[in-house]
Amino acid sequence: MSRIYLITHLPNNIKNTFHNVRHRTLQKVSLCTSSSSSSDDDTKLQKKVEEKKKSKEALDKLNKLLLTMTEDDVSSKTKLNLAQPTNKRQKKLREKQDFKESKATPTETLVNAANNVAESIGGDVKQTQSELLMKLLNVANGDATVNTNLKDLVKGMKIDQESAQGAGLSKAQQVRQILQEQSKAPRRKGDMAKPRSKSAKSPKRDVVVEKISLFGSEPLGIFSPNQNDLTEGVVNKTWNHLYDKDLKLAVTHPPSNYFQQMILWTEQKKIWKFPIDNEQGLEEEKKVYFTDHVFLEKHLEPWCPLKGPIRHFMELVCVGLSKNPYLTVEAKKEHVLWFREYFKDKLELLQETGAIQETDLGKLHADQKQSEH
Amino acid sequence: MNSLKLISNLLSHNLNTFRTVNLQQIRTKWVNRWMIRDVKRRQLATELAPARLRVNSLRRNDILPAELREIADKEIAAFPLNSTPLRINKRCVVTSRPRGVVNRWRVSRIVFRHLADYNKLSGVQRAMW
């Protein structure tokens, strides 16, 4: 029953898709049933199972559709409708314009209104118009009886309203009513209780108070009334950071006993994990084989000359790095490559001084030429 | 606004670099300015330590040509002064006391005694023999 209710209250286009999907599933089910009657018992069972699966899939699809629709509704509602600043000057101007436009006297307006009503009713326009006006004007002239009747009517309406309210008022609303009555009633006791210190002090009569009207003249047009033009303004990074921190602390509970604290410390790696492992924290390094640490000449191959002072120097560097257990392989590689970049920049100088000679680079150059060819 | 700008111009030494001077109070958790300076020096030293090591290795050898070593000398002098590890001083971490610092715990002797008495230092006991 509930499903049918849901379908009827959907918008039309979605309803159509819904019906289409359902129709399709029903068609599929009907096809399966028709085919099964002609085949054997084993195949019949299989097809029944298939039917069930398909119907389940269809139901799942329908449910998903509904969920997506509800999600969309929620997202559209959460748009912020912030309060826009009221433009009082514009309002006043509009009111003035409306007043100017409606220069017609009240009688003229009545006549026009009666004419419109008569036209809408149809028939003899002038007669209806005249009858309406007679009734209206008679009321305006004022018979005592008519007035009293109206008054009674109005009173009666008021009573009805109150009774209706009294029946459906909740406790909160009753309390609110009482508070409103209290606020409206004149506070005599309160006034007396206040010490009249202002009367004791002599008012400053020497000071001339200039009345400043904020909205007297035209605006300068510095600020735009559009909300889209407003930017975020000053961003308090520290405040935001501390606020987030506060939120996290509010949500996370501190450890209730020492066991929980020990668990926290172990996870933070402040405490050894049992059974004690001397290489705790060096899991990444275990994966790297020792040859990568020790044999670093491979990083020298492409660029370093085979003889000469630079080769000598770089080999010493490699020896030193191979004996270093504290650096990772990446750090060592970076170290060697830094030297490559440095010597590249200083190539001209090195050639002048004689550090790099053609004979040293000979084999390297030959290899490169061979690869080019 | 103009007066503020004038003051800031006076304070900033280089007129070419249009740096804005912060005239607001700076609040930190560090004890005093020497501690702040020490922290800055340590940070800079850790950042530039590998580069300094590499340039220094070029200087400290007799294999490479002398011209290269001279260039390396100039390069290392071009590093910011606060990147030298020699400028770091071991102050007390809690009170920023420059003298009487127990190195293993990085605290001054007074703080060390206080913590030891309250059993906050693992394996530290009052000596008695």
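The HN-Hα couplings worked out from phi for segment B:106-123 by the Karplus form 6.51 cos²θ - 1.76 cosθ + 1.60 (θ = phi - 60°) are 6, 10, 6, 5, 6, 5, 4, 5, 4, 5, 5, 5, 8, 6, 9, 10, 5, x Hz, whole numbers, x standing for Gly and Pro. In sequence order, segment A:259-267 has phi-based couplings of 4, 5, 5, 4, 4, 4, 4, 5, 5 Hz under the Karplus curve 6.51 cos²θ - 1.76 cosθ + 1.60, θ = phi - 60°, and Gly or Pro positions carry x.
In this simple spin-label approximation, B:Y118 and A:L67 carry label points 7 Å from Cα along the Cα→Cβ vector, and these lie 5.4 nm apart.
Of the trypsin sites (Lys or Arg not before Pro) in segment B:76-129, the ones in a loop by DSSP (not H, G, I, E or B) with at most 16 other beta carbons within 10 Å are B:K90, B:R99, B:R104, B:R106, B:K120, B:R126.
Across the cross-link table entries B:K29/B:K90; A:K287/A:K344; A:K248/B:K90, which are compared at the Cα atoms, the separations over 29 Å belong to A:K287/A:K344; A:K248/B:K90.
Normalising the Debye intensity of segment A:199-327 to I(0), with uniform scatterers on Cα atoms only, and taking log10 at q = 0.12, 0.17, 0.22 Å⁻¹ returns -0.91, -1.06, -1.30. Distances between placed amide hydrogens fall under 5 Å for B:V107 paired with B:V93, B:V102, all partners being 5 or more residues away or on another chain. Which of the three applies to segment A:82-128, rounded, prolate or oblate, going by the alpha-carbon gyration tensor with a ≥ b ≥ c and a/c under 1.5 meaning rounded? In terms of gyration-tensor shape, oblate.
The label point for A:K126 and the one for A:T231, both projected 7 Å from the Cα toward the Cβ, are 7.1 nm apart. The calculated FRET efficiency for the pair A:E315 and A:S183, based on their C-beta separation and a Förster distance of 60 Å, comes to about 0.05. For segment B:27-122, the set of chymotrypsin sites (Phe, Trp or Tyr not before Pro) satisfying both a DSSP loop assignment and a count of at most 14 other C-beta atoms within 10 Å is given as B:W30, B:Y118. Label positions at A:S217 and B:V39, each projected 7 Å from the Cα along the C-beta direction, are separated by 5.2 nm. Look at the stretch B:55-66: the mean tally of other chain Cβ atoms within 10 Å of its residues' Cβ atoms is 4.
Counting 0.36 nm for each residue step from A:I263 to A:K171 and taking away their Cα separation leaves a gain of 28.0 nm. In this Cβ point-charge picture (+1 for Lys and Arg, -1 for Asp and Glu), segment A:269-350 has a dipole of about 120 debye about its Cα centre.
All of the numbers you see were taken from the coordinates with simple rules; none came from a lab. These numbers come from a predicted model, not from an experiment. Ideal geometry is used to build each Cβ from the backbone, glycine not excepted, and the neighbour counts take in all protein chains shown.
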